[in-house]
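Computed from the coordinates by the stated procedures, all read-outs in this text should not be read as laboratory data. Note that this is a predicted model, so its numbers are computed, not measured. Counting neighbours? That spans all protein chains shown, and the Cβs are built from the backbone with ideal geometry, glycine included.
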Amino acid sequence: MRRVIVEPYDSIWQHLYIEEARKLRDVFKDQLVAIHHIGSTAVPGLAAKPVIDIMPVVKDLASVDDLTDCLTALGYTVHGENGIPGRRYFQKGGDNRTHHVHVYQKGDANIVRHLAFRDYLRTFRGEMERYQALKFELAQRYPFDIASYIEGKNIFVLVMEQKALSWYNNHSLLPKELIS
């Protein structure tokens, strides 16, 4: 049974991202448009489950299906779209997950959603602290129930995402190569 553990921010997470991103660049090669550290481990100061979320943006999503053997060789398990159309999702580490990879094709709206949420929390410390408090509370309430932990965050995250998208769209921070 997987335990829900939320840990205080650790700067090692940035180094783990950099190391894994290097390996993923070698796999995706010329298909790669960009690669981003997303999720809670990408927000300095934010407590998180110690799983590094990585978002490669590719030219052609169908080409990713041809790379699954390479990703499996790196220790990833293939999960297809895993509930999000237009995504390819991979996990590393089995029950003790270390990495999640969310691959999207250039122009997918989910790219903006992930980057906006990350950058909003990086910018607005009070919002980050509210999110952190909720995560600690839910991890304590549901230590062996990841589904309830995730469900407990759902409404908060959806509301925060809308605020983040509104803020993000008004600040033109998104690199043009990701949306065109």
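Considering every residue within region 30-49, establish whether at least one is more than 19 Å from I146 (Cβ to Cβ), of a type in the set (K, R) and not in a helix (DSSP H, G or I). Taking every residue of region 30-49 in turn, none turns out to be more than 19 Å from I146 (Cβ to Cβ), of a type in the set (K, R) and not in a helix (DSSP H, G or I).
Here's the yes/no breakdown for (1) assigned to a helix (DSSP H, G or I); (2) of a type outside the set (V, I, T); (3) touching a Pro at 6+ places or on another chain (Cβ under 8 Å); (4) surrounded by fewer than 19 Cβ atoms within 10 Å (Cβ to Cβ):
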residue	(1), (2), (3), (4)
R113	yes, yes, no, yes
R118	yes, yes, no, no
R122	yes, yes, yes, yes
M128	yes, yes, no, no
A133	yes, yes, no, yes
A139	yes, yes, no, no
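How do the pairs read when you match residues in region 124-135 that are farther than 16 Å from I5 by Cβ and free of Cβ contacts under 8 Å to residues at least 40 places away in the same chain with residues anywhere that are crowded, with 16+ Cβ neighbours inside 10 Å and not hydrophobic (A, V, I, L, M, F, W, C), using Cβ under 9 Å and keeping only pairs 6 or more apart or on different chains? Close Cβ pairs satisfying both conditions: E127/Y120.
Scanning region 67-90 for residues that are part of a loop (DSSP other than H, G, I, E, B) and among the aliphatic types (A, V, I, L, M), we see that the one that is nearest to A21 (Cα to Cα) is L74. Against the list (1) surrounded by 14 or more Cβ atoms within 10 Å (Cβ to Cβ); (2) over 19 Å from F117 (Cβ atoms); (3) in contact (Cβ under 8 Å) with a residue 60 or more places away in the chain; (4) touching a Phe, Trp or Tyr at 6+ places or on another chain (Cβ under 7 Å), the condition E20 fails is (4).
For I12, the conditions (1) of a type in the set (V, I, T); (2) under 22 Å from K135 (Cα atoms); (3) surrounded by fewer than 18 Cβ atoms within 10 Å (Cβ to Cβ); (4) touching a strand residue (DSSP E or B) at 6+ places or on another chain (Cβ under 9 Å) are fulfilled apart from (4). Considering (1) without any contact (Cβ under 8 Å) to a residue 60 or more places away in the chain; (2) surrounded by 13 or more Cβ atoms within 10 Å (Cβ to Cβ); (3) over 15 Å from H36 (Cα atoms); (4) not hydroxyl-bearing (S, T, Y), say which one P143 fails and leave the rest. If we test P143 against (1) without any contact (Cβ under 8 Å) to a residue 60 or more places away in the chain; (2) surrounded by 13 or more Cβ atoms within 10 Å (Cβ to Cβ); (3) over 15 Å from H36 (Cα atoms); (4) not hydroxyl-bearing (S, T, Y), just (1) comes out false. Contact annotation: residue pairs with Cβ atoms under 9 Å, 6 or more positions apart or on different chains, pairing a residue in region 84-101 that is under 10 Å from I54 (Cα atoms) and touching a residue at least 60 places away in the same chain (Cβ under 8 Å) with a partner that is surrounded by fewer than 20 Cβ atoms within 10 Å (Cβ to Cβ) and hydroxyl-bearing (S, T, Y), are H100/Y89; V101/Y89. Among the residues of region 146-162, those that are farther than 19 Å from H114 by Cβ, of a type outside the set (S, T, Y), without any contact (Cβ under 8 Å) to a residue 24 or more places away in the chain and surrounded by 12 or more Cβ atoms within 10 Å (Cβ to Cβ) comprise E151, G152.
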